[in-house]
Amino acid sequence: MFSGNKKSIAEMFPLTDMQEKMYAAIQLGKCEYLVKITVKVDKKLDEHLLRSALEKMMDMQPALRTVFASSEKNGFVQLV
């Protein structure tokens, strides 16, 4: 179930067949689709500037705001 800020959800769509399979694999821990990385920054980082840049990028690209969730009413969905 989605537990984030529901006011920030603009649209909700059902998952495609491929997205549903990927979501199931992620839940089972059997998905190599996701790649996690850590970046080490050696210099002082302007956290406000970084956050602002990331927010602007997410505002321009709806796919970066999209999450998969489970809804009792609608089953598996993607929230933008």
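Helix 17-27 and the long axis of the chain differ in direction by around 70°, with both axes built from C-alpha atoms.
Using C-alpha pairs below 8 Å separated by at least 6 residues, the relative contact order for the chain is 51 percent.
So with the 1.4 Å probe, I'd like the accessible area per residue for region 20-65, rounded to whole Å². If you can, show how the numbers build up before the last one.
Values: 4810 Å² over 46 residues.
Per-residue accessible area for region 20-65 comes out at 105 Å².
For the chain, the fraction of 1.4 Å probe accessible surface lying on carbon and sulfur atoms is 57 percent.
Using a simple spin-label model with pseudo-atoms 7 Å out from Cα toward Cβ, S70 and S8 lie 2.2 nm apart.
All C-alpha to C-alpha distances of the chain, sorted into 5 Å bins beginning at zero, yield P(r) values of 3, 12, 17, 20, 17, 14, 10, 5, 2, 0 percent in whole numbers.
Near F76, the amide H atoms lying under 5 Å from its own belong to S71; only residues 5 or more places off or on other chains count, and H is placed 1.01 Å from N.
The values are calculated or read from the model by the stated rules, or taken from the named source; none is laboratory data. What you see is a predicted model, and the numbers here were worked out from it, not measured in a lab. For neighbour counting, all protein chains shown are included, and Cβ atoms are generated from backbone atoms with ideal geometry for every residue, glycine included. When the accessible area is computed, the model is the full protein with side chains, heavy atoms only, and any ligands, DNA or RNA have been set aside. Shrake-Rupley method; radii C 1.70, N 1.55, O 1.52, S 1.80 Å.
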